[in-house]
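Scroll down for the structure; my scribbles are underneath it.
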Amino acid sequence: MGAFGNAKGLTPQLDRLAREGLLFTQLYATGTRTVRGLEALALSLPPTPGHSVVKRPNNDHLFTVGEVFAEKGYEPLYLYGGYGYFDNMEHFFGGNGYTVIDRTALDKADIHYENIWGVADEDLFTLTLRELDKRHTAGTKFFAHVMTTSNHRPYTYPAGRIDIPPRPVPTVP
């Protein structure tokens, strides 16, 4: 992103959002697994012993960053390229006031690539832009927590997108 020093102009829309929206540059997720990062970002918690708060029972009605935004009139959104039931994410975010939107909001024709973890980031971003545009048009302020799935093995991607040949794709039911 140009917002972080890249001069090639690769991400003009994200750079525009960085200029015109809120850009958090000192937000860190601690932990060794994605679910630990989710609790860190949503709850401002360091890693806790045992299971992640996201996966624990009675994990709703907690004080989250989404609640801070909701108190200021923003709709907190959690957009995810996989299925929300994975790692209890839908229950956790939904139970804490977020509108949860996952890959099930995409028509099959809108999924250009998927693997065991979820849809291609570009498909998630297309969904995200659709949802954010809809809210913007309606005059709704929003806070969006968007989680991609490309950070997981097997690191597969659509052919022709980058100059490294893709590995075979596991089939998705």
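The values are calculated or read from the model by the stated rules, or taken from the named source; none is laboratory data. Just so it is clear, the structure is predicted and the values come from calculations on it, not from any experiment. Neighbour counts are summed over all protein chains in view; Cβ atoms, including those assigned to glycine, are modelled from backbone coordinates with ideal geometry. Surface accessibility is based on the protein's heavy atoms, side chains included, excluding ligands, DNA and RNA. Shrake-Rupley method; radii C 1.70, N 1.55, O 1.52, S 1.80 Å.
Here are a few things to note about the model shown:
- Top-ranked residue of region 35-55 - restricted to ones that are open to solvent by 80 Å² or more (accessible area, probe 1.4 Å) and in a loop (DSSP other than H, G, I, E, B), ranked as farthest from LYS141 (Cα to Cα): PRO49
- If the condition is being open to solvent by less than 50 Å² (accessible area, probe 1.4 Å) and acidic (Asp, Glu), then region 73-99 contributes GLU75, ASP87.
- Screening the candidates ALA70, ALA138, ALA159 for the property of being open to solvent by less than 90 Å² (accessible area, probe 1.4 Å), in contact with a Pro (Cβ under 6 Å, 6 or more places away or on another chain) and without any contact (Cβ under 8 Å) to a residue 24 or more places away in the chain yields one hit, ALA159.
- Members of region 56-84 found to be in a loop (DSSP other than H, G, I, E, B) and among the acidic types (Asp, Glu), listed by number: ASP60
- In region 100-122, residue most open to solvent (accessible area, probe 1.4 Å) [restricted to those that are modelled with pLDDT of 95 or more and under 12 Å from the mean Cα position of the chain (by Cα)]: VAL100
- Qualifying residues in region 143-156 (those that are crowded, with 17+ Cβ neighbours inside 10 Å and either more than 19 Å from ASP87 (Cβ to Cβ) or hydrophobic (A, V, I, L, M, F, W, C) (or both)) - the one modelled with the lowest pLDDT: THR156
- Among the criteria (1) farther than 21 Å from GLY21 by Cα; (2) touching a residue at least 12 places away in the same chain (Cβ under 8 Å); (3) surrounded by fewer than 17 Cβ atoms within 10 Å (Cβ to Cβ); (4) within 18 Å of the chain's Cα centre (by Cα), the one PHE63 does not fulfil is (4).
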